[in-house]
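Let me begin by presenting the structure, written as structure tokens, before commenting on it.
The values are calculated or read from the model by the stated rules, or taken from the named source; none is laboratory data. Since this is a predicted model, take the numbers as computed values, not measurements. Cβ placement follows ideal geometry from the backbone for every residue including glycine, while neighbour counts extend to all protein chains displayed.
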Amino acid sequence: MIKLAVQRKILLGDLLVKAGVITPNQLRMALIVQKEEVDKRLGDILVEMGVMTQEDLINFLGKQLKIPYVDLSKFAPDKETFKLLPKRLIEEYKVIPLRREDNKLVLAMIDPLDIIAIDNISLATKLSVQPVVATEKDITQIIKQYFGEEVDTLISTMRKEEAPALKIGEKVISPDVPIPDLVDSLISRACKLNASDFHLEPREEDVRVRYRVDGVTQDFMPLPKEIQMAVTSRVKVMADMDITETRLPQEGHFKVKIEGRDVDVRVSTIPTLYGEKVALRVFNLSASFLKLDQLGFESEELREFEEIISKPYGMILIAGPTGSGKSTTFYAVLNKLNIAQRCIFSLEDPVEYPLKDINQTQVNPKIGLTYASGLQSILRQIPDIVMLGEIRDKDTARFAVEASLAGGLMLSTFHAYDASGAITRLSNMGVELYSICSALIAVVSQRLVRILCPACKKAYAPAREEKKRLGIPSDKEGTLYHPQGCKDCYYTGYRGRTGIFEIVK
């Protein structure tokens, strides 16, 4: 695939020692630093230590490995060549596509021995890669120059073109101001990517924009530093937050309508060294809820789970760490149990999705409406089923267990890494073991895993060692798949997620 494939196991440090450029002791010292600063390249560490200069490293790579050096300070970014590579890969690996020669892509790199980067870029472009070496300063400048022009073009276009009005609550924002249009486009992109959240992270030279898609954050084009305060203020105005307060964390939310879809956005800000970081969680209120059979249960697991939630009384816990899909399962269960013959209450913080014919209450600790006090009040309403958004403290845990023992079905999400750990944590909250044994019907622990993109996943026959590791009989024929990357999945190789479950009852 690439010329450097044979050098996969060659290490830069060993080559430098062998050539007499550095001593074994200097290499050991650099490797110690690299263990503490894992994101740093070995060559950069050696330069910082004063053992060698950037020019020494470049000359070494040129002479020893026959990798030519390119002076990018005289290079103007070619937009057509840049389009060969996704922006995500350019920024992640700090590379510059210089030109295409038939089925070969000439690529400027800081570290031409980075085989992982070369392989991934070759997969994404379907081209063999010929690396050349360039300085980090020059590569960073070219990236900033190219994508800076991209942002300027976007903002310029927004100034010239009339943007569609975005409804916030009952207000309509004027389309004449460019910053609102820029913020609107960021939110719209989150919806198109099906991102669960996105982040505006101020840096010394710009504002980093990252979207979390299928549980993994992906970089978008950075925003110019000069519009940082305007963008942050715009978001805070939309979320009804205090734009004059920049020293303390704040929270807020707003609702918007994007391309006919109702979207709820929850905003959190926190001060950092270079300004306020903004996190925005995106909830598509127009999306239909997943049904139980769409969550990822195996057929036998699904039958068992449906049998568990059909019980008339007792407690069921949905356990897992943050971001494991507990809320999705929570709402799927609510939908399943929502029939006219039942009185159902939910106590949530926050109420993420409004549900018809279910009494949903939002926790508000500022006025004394906590999970514990709210649960006590709900129990006086004689409910058939109570859904708790979370059991956070010993009072809530005790009331929930007592309520399930008194009659009625109690369901709640719970922060624990596995089903057995949930029982231990409930006990550590001060709930007696005999009460837990009497009240608890089942604990469902879950995780989310990414699904291979159906458009580009690549089939392969597993080797004997891989079959043994996966528990597949060696004589059994079969096909496995690995991620590839295409425009449908934004070159990640994955598209969507599904749940995996453990049920203990």
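Exactly one residue out of Leu46, Leu72 is farther than 24 Å from Ala124 by Cα and either of a type in the set (Phe, Trp, Tyr) or modelled with pLDDT under 85 (or both): that is Leu46.
Within segment 70-89, the only residue that satisfies the criterion of being within 24 Å of Thr492 (Cβ to Cβ) and aromatic (Phe, Trp, Tyr) is Phe82. If the condition is being touching a helix residue (DSSP H, G or I) at 6+ places or on another chain (Cβ under 9 Å) and at pLDDT below 90, then segment 405-414 contributes Leu405, Ala406, Gly408.
For segment 395-407, the condition of being part of a helix (DSSP H, G or I), among the polar types (S, T, N, Q), assigned by the TED database to the domain that holds Pro350 and over 23 Å from Ile503 (Cβ atoms) holds for at least one residue.
Can you go through Asn284, Asn338 and tell me which one is touching a residue at least 12 places away in the same chain (Cβ under 8 Å) and closer than 22 Å to Ala406 by Cα?
Asn338 is the lone residue from the list that is touching a residue at least 12 places away in the same chain (Cβ under 8 Å) and closer than 22 Å to Ala406 by Cα.
Say whether the condition of being in contact with a Gly (Cβ under 8 Å, 6 or more places away or on another chain), closer than 27 Å to Thr361 by Cβ and surrounded by fewer than 15 Cβ atoms within 10 Å (Cβ to Cβ) is met by at least one residue in segment 387-407. So that I can check it myself, show each step before the final result.
Taking segment 387-407 first, the residues in contact with a Gly (Cβ under 8 Å, 6 or more places away or on another chain) are 394, 397-398, 404.
Subset that is closer than 27 Å to Thr361 by Cβ: 394, 397-398, 404.
Now restrict to residues that are surrounded by fewer than 15 Cβ atoms within 10 Å (Cβ to Cβ): 394.
Yes, there is a match, as at least one residue in segment 387-407 is in contact with a Gly (Cβ under 8 Å, 6 or more places away or on another chain), closer than 27 Å to Thr361 by Cβ and surrounded by fewer than 15 Cβ atoms within 10 Å (Cβ to Cβ).
Filtered by the rule that a residue be in contact with a helix residue (DSSP H, G or I) (Cβ under 9 Å, 6 or more places away or on another chain) and of a type in the set (A, V, I, L, M), segment 491-505 gives Ile503, Val504.
Restricting attention to helices (runs of 4 or more DSSP H) lying wholly within segment 79-146, give those where 2 or more residues are more than 21 Å from Thr53 (Cβ to Cβ) and among the polar types (S, T, N, Q). Talk me through it step by step, then tell me what you get.
Working: elements: 79-82, 87-93, 115-125.
Helices (runs of 4 or more DSSP H) meeting the threshold: 115-125.
Kindly list, by first and then second residue, each pair from a residue in segment 19-41 that is of a type in the set (S, T, N, Q) to a residue that is part of a helix (DSSP H, G or I) and at pLDDT below 80, limited to pairs with Cβ atoms under 8 Å and residues at least 6 apart or on different chains. Qualifying pairs under 8 Å: Gln34/Leu42.
Would you point out which residue out of Asp219, Asp264, Asp206 is charged (D, E, K, R) and out of contact with any helix residue (DSSP H, G or I) (no Cβ under 6 Å at 6 or more places or on another chain)? Give the derivation first.
On the way: Asp219 fails: out of contact with any helix residue (DSSP H, G or I) (no Cβ under 6 Å at 6 or more places or on another chain); Asp206 fails: out of contact with any helix residue (DSSP H, G or I) (no Cβ under 6 Å at 6 or more places or on another chain).
On inspection, the qualifying residue turns out to be Asp264.
Residue pairs whose Cβ atoms lie under 8 Å apart, separated by 6 or more positions or on different chains, with the first residue in segment 362-388 and in a loop (DSSP other than H, G, I, E, B) and the second of a type in the set (Phe, Trp, Tyr), are Val363/Tyr371; Gln381/Phe345; Pro383/Phe345. Among the residues of segment 309-328, those that are buried (at least 17 other Cβ atoms within 10 Å of the Cβ) and closer than 24 Å to Leu405 by Cβ comprise Ile309, Gly314, Met315, Ile316, Leu317, Ile318, Ala319, Lys326. Scan segment 56-69 for residues that are exposed (fewer than 13 other Cβ atoms within 10 Å of the Cβ) and either more than 27 Å from Leu98 (Cα to Cα) or at pLDDT 75 or above (or both) and the total you get is 1. Of note, Ser412 does not satisfy the criterion of being surrounded by 11 or more Cβ atoms within 10 Å (Cβ to Cβ), part of a helix (DSSP H, G or I) and either in the same structural domain as Ile382 (by the TED database) or more than 32 Å from the chain's Cα centre (by Cα) (or both).
Could you tell me whether segment 147-163 includes any residue that is crowded, with 19+ Cβ neighbours inside 10 Å, modelled with pLDDT under 85 and touching a strand residue (DSSP E or B) at 6+ places or on another chain (Cβ under 7 Å)?
Residues of segment 147-163 that are crowded, with 19+ Cβ neighbours inside 10 Å, as a first pass: 147, 158, 163.
Restricting the remaining residues to those that are modelled with pLDDT under 85 gives 147, 158, 163.
Now drop any that are not touching a strand residue (DSSP E or B) at 6+ places or on another chain (Cβ under 7 Å), which leaves 147.
Looking for residues that are crowded, with 19+ Cβ neighbours inside 10 Å, modelled with pLDDT under 85 and touching a strand residue (DSSP E or B) at 6+ places or on another chain (Cβ under 7 Å), one finds at least one in segment 147-163, hence yes.
For the structure I just gave you, tell me whether Asp56 is of a type in the set (D, E, K, R), closer than 15 Å to Gln141 by Cβ and more than 28 Å from the chain's Cα centre (by Cα). It is false that Asp56 is of a type in the set (D, E, K, R), closer than 15 Å to Gln141 by Cβ and more than 28 Å from the chain's Cα centre (by Cα).
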